[in-house]
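Student: I have a structure here, written as structure tokens, and I will follow up with some questions on it.
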Amino acid sequence: MRELGDHHVEKLRAVVRDCLGKHLYSSAIFFADKLATMAGNQTQDLYMQAQALYLGKQYRRALHLLRRHHLVTTDLRFRYLAGKCLEEVKEWDECLLMLGESEVDEEGNVLMLDDQDTELLDKDAEEREINIGAAICLLRGRAFEALENRARALRWYKAALKADPYCYEAFEHLIDHHMLTSEEEAVLLNSLKFDSEDRWLSLLYSCRTKKYGQIPVIEEKFQELEKEPDESRPEEYRVSCSLKDNNDLIACRADYLYHRGEFQRCYDTTKALLEKDPYHLNCMPLHIGSALELGRKNDLFLRAHNLVQEYPQKAISWFAVGCYYYCIRQFDHARRYFCKATTLEGAFAPAWLGFGNAHAAQDESDQAMAAYRTAARLFAGCHLPALCIGMEYLRTNNLNLAEQFFLQAKSICPTDPLVYNELGVMAYRNRDYETASCWLQKALQLAPPFTEAWEPTVVNLAHTFRKLKSYPEAICMYERALSLFPRNASTYSALGFTHHLQGNTGKAIDCYHKALGLKSDDTFTAEMLTSALQEECLRLSSAHDAEFYSLSGMPHIS
């Protein structure tokens, strides 16, 4: 009789496991309840019942079950599941109390453990399992971040990664929420203990971090991840498999292209990826951002429409709508949808920056500053909010404050060429042309290869050389700018003016004509063309007279 009862219990356990595997959560809850009763409320059956209730979104009931049977204090798995239930119902303080008292230092090293957290010390997780200690550190980090204690959240995310580098969610929070500077990201990755066969994961994590100033290194890592395994290399330096066609790696390369200013290549890469996987949301901000830079308003409209239909509760959908309206210069609508995106997801950095940019586009400096400052507070590891604040101060001619924020952005990310471009512009506005030249040349050193995106920086450097009366260097820079963007009337005008200053009125006239052909209502160019024509006529007349008197032998009185 006992054997018959054991048979029924094992059969029910198999049914519950299968229901969970097939996502039949109501069935799993029903049979798990009967299983617990028949088996006499054994621990493993109660855990399975609590899991079924959690997956069936009955979080309060799962929590009540764990507490009623006093299971929270018996096993770390139960305490973690109870914490997850409290996370789902947004009771963050209660969640932290459930997980127990522990402390961690700034580097993510656990200093003090609750008596029941001794498993946190076990760094060797079972095969193919994420360390339970890492999962608990991650949950603590999520709770602190929800309570807006980002400093402690940062520490626990680091602890989760150190407990188990396979805890990808902790890494994702650190990177996507810009919690670390580029230097801090490098230090954290170097502190992680990857097994020799996990080199692919180490490389992939490195490629996901900030990419400024790492062009040769990043290229090498991409190549290593994409090529077939090389058995001749030492095991610790060998990638065991190829990720050439992996969507996440393609999205990572697109991010790399975007930060290099190669928006067309980024757009083509993300477009191909989205044709293969239309719902790959991680690459969607890159696709939308590159489409905005290229002015692809039709694509933005269709992409935003589809996202709102599929994901009306996600920030990325309304961010796409905001980008479409920003592209067609309807800034009132743009900021409304950027605001909605930040309401849905407060930690979505692109929406905060878009919100500020939409205000700045309408000269609403105070509102723009408020958005940028919020972004700076939320994303301490991201230099873009400080850079945007500096640009807004520069636009309103507050040069001292602009410099402070540009230098702050430089301290967070010392390898972004855009920071040096803005420092150069600020020095130019201060009429410190030597310093401006240094900053702008540094920007161009950090921004190879030159693409159309860097044309303004090349023009800025040319203006600086002209102010320094280094006319040959200025002409070289103007010509390089025209090779990047051949239809810029102001560059032709500036090039003509530089030739004019050298006394080359013939070349100046050619450049002025080209500028007016592209922009016929340019008053400055029209005036300078008239002046150049008059000077050229006088020069030719003077030369003709000199030749005439020379041939006739008559004295020439100039």
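The values are calculated or read from the model by the stated rules, or taken from the named source; none is laboratory data. In this text the structure is predicted, and so the values were computed from the model without any measurement. For neighbour counting, all protein chains shown are included, and Cβ atoms are generated from backbone atoms with ideal geometry for every residue, glycine included. Remember, those area values only see protein heavy atoms, side chains included, never the ligands or the DNA or RNA. Shrake-Rupley method; radii C 1.70, N 1.55, O 1.52, S 1.80 Å.
Student: Based on the Cα coordinates of region 321-447, what is the per residue volume of their convex hull in Å³?
Tutor: 103
Student: Rounded, prolate or oblate: which fits region 3-46 when a ≥ b ≥ c are the square roots of the eigenvalues of the alpha-carbon gyration tensor, with rounded for a/c under 1.5 and prolate only if a/b beats b/c?
Tutor: Since a/c reaches 1.5 and a/b is larger than b/c, the shape of region 3-46 is classed as prolate.
Student: Quick one: if the Förster radius is 22 Å, what FRET efficiency do residue 129 and residue 75 give, using the C-beta to C-beta distance and rounding to 0.05?
Tutor: 0.90
Student: Can you compute the FRET efficiency between residue 183 and residue 89 using 1/(1 + (r/R0)^6), with r the Cβ-Cβ distance and R0 = 41 Å? Round to the nearest 0.05.
Tutor: Values: r = 38 Å, r/R0 = 0.93.
Once rounded, the FRET efficiency stands at 0.60.
Student: Ordered by residue, what ³J(HN,Hα) values in Hz, to whole numbers, does region 257-263 give under the Karplus form 6.51 cos²θ - 1.76 cosθ + 1.60, where θ = phi - 60° and Gly and Pro are x?
Tutor: Computed from phi, the couplings for region 257-263 are 5, 4, 6, 7, x, 8, 5 Hz.
Student: Separate question: At a Cα cut-off below 16 Å, give the lysines reachable from residue 340, other chains included and same-chain residues fewer than 8 away excluded.
Tutor: Qualifying lysines at Cα under 16 Å: 314.
Student: Here's another thing I want to ask about it. So how do 67-76, 167-176 stack up, highest first, on mean other-Cβ count within 10 Å? Spell out each step's value before the answer.
Tutor: Working: 67-76: 14.8, 167-176: 19.7.
So the order, starting with the most tightly packed, is 167-176, 67-76.
Student: Let me ask something else about it. So for each of 355-366, 284-295 I average, over its residues, the number of other beta carbons within 10 Å; can you give me the resulting order with the highest mean first?
Tutor: Top of the packing list down: 284-295, 355-366.
Student: Another question, if that's okay. Note down the nm distance, to one decimal, between modelled labels 7 Å out along Cα→Cβ at residue 513 and at residue 398.
Tutor: 4.9
Student: Rolling a 1.4 angstrom probe over the protein chains, ignoring ligands and nucleic acids, what is the accessible area of residue 303 in square angstrom, nearest 10?
Tutor: Per-residue accessible area (residue 303): approximately 50 Å².
Student: Show which lysines lie in cross-link reach of residue 210 when reach means a straight Cα distance below 16 angstrom and same-chain residues fewer than eight apart are skipped.
Tutor: Here the lysines satisfying the reach criterion relative to residue 210 are 221, 410.
Student: In nanometres, what is the gap between the two model label sites at residue 68 and residue 536, each 7 Å from Cα along Cα-to-Cβ?
Tutor: 9.5
Student: Averaged per residue, what accessible area in Å² does the chain show with a 1.4 Å probe, protein chains only?
Tutor: 51
Student: Just read off the accessible area of residue 177 with the full protein assembly in place, 1.4 Å probe, to the nearest 10 Å².
Tutor: Only protein atoms counted, so the area is about 30 Å².
Student: Please list, in order along region 453-469, the HN-Hα scalar couplings obtained from phi with the Karplus expression 6.51 cos²θ - 1.76 cosθ + 1.60 (θ = phi - 60°), rounded to whole Hz, x for Gly and Pro.
Tutor: Each residue of region 453-469 in turn: 4, 9, 4, x, 5, 4, 5, 4, 5, 4, 4, 5, 4, 4, 5, 7, 6 Hz.
Student: Under the Kirkwood approximation for Rh and a Cα-based Rg, what ratio Rg/Rh is obtained for region 1-100?
Tutor: We get a ratio of 1.01 for region 1-100.
Student: In debye to the nearest 20, how big a dipole does region 1-72 give about its Cα centre with +1 on each Lys and Arg Cβ and -1 on each Asp and Glu Cβ?
Tutor: Charge dipole of region 1-72: 360 debye, to the nearest 20.
Student: While we're on this one: Can you list the lysines whose alpha carbon sits under 17 Å from that of residue 507, skipping same-chain ones fewer than 8 residues off?
Tutor: Cross-link targets: none qualify.
Student: Please state the equivalent ellipsoid semi-axes for the chain: what are the square roots of 5 times the Cα gyration tensor eigenvalues, largest first, in whole Å?
Tutor: For the chain, the ellipsoid semi-axes come out as 63, 23, 22 Å.
Student: Now, a different point. Can you give the charge dipole size of region 368-548 about its Cα centre, rounded to the nearest 20 debye, using +1 on the beta carbon of Lys and Arg and -1 on the beta carbon of Asp and Glu?
Tutor: The calculation lands at about 640 debye.
Student: Looking at region 368-548, what % of the alpha carbon pairs are farther apart than 23 Å?
Tutor: Of the Cα pairs, 51 percent sit more than 23 Å apart.
Student: How would you classify region 295-367 from its alpha-carbon gyration tensor, with a ≥ b ≥ c the square roots of the eigenvalues: rounded for a/c under 1.5, else prolate if a/b is greater than b/c, otherwise oblate?
Tutor: oblate
Student: Which three extents, in whole angstrom, do the alpha-carbon atoms of region 460-544 cover along their principal axes, largest first?
Tutor: 39, 28, 18
Student: If you don't mind, there's one more thing I want to ask. Note the count of lysine pairs whose C-alpha atoms are less than 18 angstrom apart in region 1-100, limited to pairs 8 or more residues apart or on different chains.
Tutor: 5
Student: Rank 255, 245 by accessible area, highest first, at a 1.4 Å probe radius?
Tutor: Correct descending sequence by accessible area is 245, 255.
Student: Along the charge dipole of the chain, pointing to its positive end and built from +1/-1 on Cβ of Lys, Arg, Asp and Glu, which listed residue (390, 134, 417) has its Cα farthest out?
Tutor: 390
Student: Compute the FRET efficiency between residue 333 and residue 264 as 1/(1 + (r/R0)^6), taking r as their Cβ-Cβ distance and R0 = 22 Å, and round to the nearest 0.05.
Tutor: Using R0 = 22 Å, I get an efficiency of 0.25.
Student: Between residue 345 and residue 190, what is the spin-label point distance in nm, taking each point 7 Å from the Cα along the Cα→C-beta axis?
Tutor: With each label placed 7 Å out from Cα toward Cβ, I get 3.2 nm.
Student: Determine the dipole magnitude for the chain: charges of +1 sit on the beta-carbon of Lys and Arg, -1 on that of Asp and Glu, nothing else is charged, the reference point is the Cα centre, and the result goes in debye to the nearest 20.
Tutor: It works out to roughly 1380 debye.
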